[in-house]
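K.L.:
My questions all concern the structure below.
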């Protein structure tokens, strides 16, 4: 019976693995202790691999080992228009600098500090570790969210509705990490979850228009991590407003059904 409900099974296993690590770390931190399972530790980073690990396990359980190849195969899709590479690699850093510019126009002044500067380890060691671990970690997340869940959601709903559902799921999945990293205001946490929706729309747009390339969405994911780690994050809502605006424009121009100007025959799960 579980074989016929791959999405609920995937979500149960993924949340169990990730929250099973992050929540104990969060409780330990709230009680003044330290934990090797926190999302800011190398061990805790393993929790971010849960979507990919679960996608492989659930596929094996539901289809058999013959389903693993087709699940992973989209990582080999890389021959796409150069414009998609430019978007995947430079959207997040461009967003950072555009946001800073807009905030200056609005009279908002602030300092942005790279999270890496706060790490209690030699920077010469930290930088290579961040660079080398971001891409495989991004792929393991994307294997689950875009490789496993998104095609299944799009076989039932429009690309926009699938993105909204996946965005909320993805946002909720991050909640223990959000709280662990010092955000305890409930309204801010809820806003962070909702703000996952527009970036998820952009992921779907990229995914659908690059023949469902896991390689491109993994690059996009890794680029976001690199930007946030090396440049930092903006302490205003300007970047969120810009992402929402961009996602809305893309949806209007490309259409809600496929987030693409052409019908995409390959969307869906056989």
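K.L.:
Expected output is a single nm value to one decimal: the length gained when fully extending between residue 187 and residue 156, i.e. 0.36 nm times separation in residues minus the C-alpha distance. What is it? If you can, show how the numbers build up before the last one.
P.N.:
Details: separation 31, 0.36 × 31 = 11.16 nm, distance 3.13 nm.
Between residue 187 and residue 156, full extension yields 8.0 nm more.
K.L.:
State the extension gain, in nm to one decimal, for the chain segment bounded by residue 105 and residue 245, taking 0.36 nm per residue of separation less the distance between their alpha-carbons. Could you put the intermediate results ahead of the total?
P.N.:
On the way: separation 140, 0.36 × 140 = 50.40 nm, distance 1.81 nm.
Contour length minus Cα-Cα distance gives 48.6 nm.
K.L.:
Would you please give the FRET efficiency between residue 228 and residue 132, computed as 1/(1 + (r/R0)^6) with r the Cβ-Cβ distance and R0 = 22 Å, to the nearest 0.05?
P.N.:
Details: r = 17 Å, r/R0 = 0.76.
That gives a FRET efficiency of 0.85.
K.L.:
Follow-up question, since we're still on this one. Shape verdict for the stretch 141-270, please, from the Cα gyration tensor: rounded (a/c under 1.5), prolate (a/b greater than b/c) or oblate.
P.N.:
Prolate.
K.L.:
Here's another thing I want to ask about it. When the helix-only estimate is applied to the chain (DSSP H runs of n ≥ 4, each -39,500 (n - 2.57), divided by the residue count), what is the mean residue ellipticity at 222 nm, nearest 500 deg cm²/dmol? Walk me through the intermediate numbers first.
P.N.:
Numbers: 12 runs with 171 residues, N = 270.
Rounded to the nearest 500, the figure is -20500 deg cm²/dmol.
K.L.:
Provide the convex hull volume over Cα atoms per residue for the chain, in Å³. Please report the intermediate quantities before stating the final value.
P.N.:
Numbers: hull volume 38.9 nm³, N = 270.
Residue-normalised Cα hull volume stands at 144 Å³.
K.L.:
Which of 49, 78 has the fewest other C-beta atoms within 10 Å, and how do the rest follow up to the most?
P.N.:
Numbers: 49 18, 78 14.
Arranged by neighbour count, lowest to highest, 49, 78 become 78, 49.
K.L.:
Can you work out the FRET efficiency for the pair residue 43 and residue 113, with r the C-beta to C-beta distance and R0 = 22 Å, to the nearest 0.05? Each step should come with its number before you reach the end.
P.N.:
Working: r = 25 Å, r/R0 = 1.11.
Step by step, r from the Cβ atoms, then E = 0.35.
K.L.:
Also, quick follow-up: Cβ neighbours within 10 Å, averaged per peptide: list 132-144, 5-17, 182-194, 205-217 in order, most packed at the top.
P.N.:
Details: 132-144: 20.5, 5-17: 17.1, 182-194: 12.4, 205-217: 23.2.
Ranking the peptides 132-144, 5-17, 182-194, 205-217 by packing returns 205-217, 132-144, 5-17, 182-194.
K.L.:
Could you calculate the contour length gain from residue 256 to residue 53, that is, 0.36 nm times the residue separation minus the distance between their Cα atoms, to one decimal place in nm? Walk me through the numbers on the way to the answer.
P.N.:
Values: separation 203, 0.36 × 203 = 73.08 nm, distance 3.03 nm.
Contour length minus the Cα-Cα distance gives 70.0 nm.
K.L.:
If each of residue 36 and residue 60 carries a label point 7 Å out from its Cα toward its Cβ, how far apart are those two points in nm?
P.N.:
Computed distance between label sites residue 36 and residue 60 equals 2.4 nm.
K.L.:
Most exposed first by the Cβ proxy, i.e. fewest other Cβ within 10 Å, how do 110, 258, 203, 157 rank? It would help to have the intermediate numbers written out before the result.
P.N.:
Numbers: 110 9, 258 19, 203 25, 157 16.
Fewest to most other Cβ atoms nearby, the residues stand as 110, 157, 258, 203.
K.L.:
Something else now. Taking the mean number of other Cβ atoms within 10 Å as a proxy for protection, how do you rank 52-59, 167-174, 236-243 from highest to lowest? Working shown, then result.
P.N.:
On the way: 52-59: 22.1, 167-174: 19.6, 236-243: 16.8.
Ranking, from highest mean packing down: 52-59, 167-174, 236-243.
K.L.:
In terms of the Cα gyration tensor, with a ≥ b ≥ c the square roots of its eigenvalues, is the stretch 36-87 rounded because a/c is under 1.5, prolate because a/b exceeds b/c, or oblate?
P.N.:
Working: a/c = 4.24, a/b = 1.13, b/c = 3.74.
It comes out oblate by the Cα gyration axes.
K.L.:
Please check: in the Gaussian network model of the chain (C-alpha springs, under 10 Å), which one of 44, 232, 69 has the largest mean-square fluctuation.
P.N.:
The residue that fluctuates most here is 69.
K.L.:
Assign one of three labels to the stretch 178-239, namely rounded, prolate or oblate, based on the Cα gyration tensor with a ≥ b ≥ c the square roots of its eigenvalues; rounded applies when a/c is under 1.5, prolate when it is not and a/b is larger than b/c, and oblate otherwise. Write out the running numbers ahead of the final one.
P.N.:
Values: a/c = 2.55, a/b = 1.72, b/c = 1.48.
It comes out prolate by the Cα gyration axes.
Any read-out appearing in this document is the output of simple, stated calculations on the displayed coordinates, not a laboratory observation. These numbers come from a predicted model, not from an experiment. Don't worry about glycine lacking a Cβ; one is built from the backbone with ideal geometry, like all the others, and counts go over all protein chains shown.
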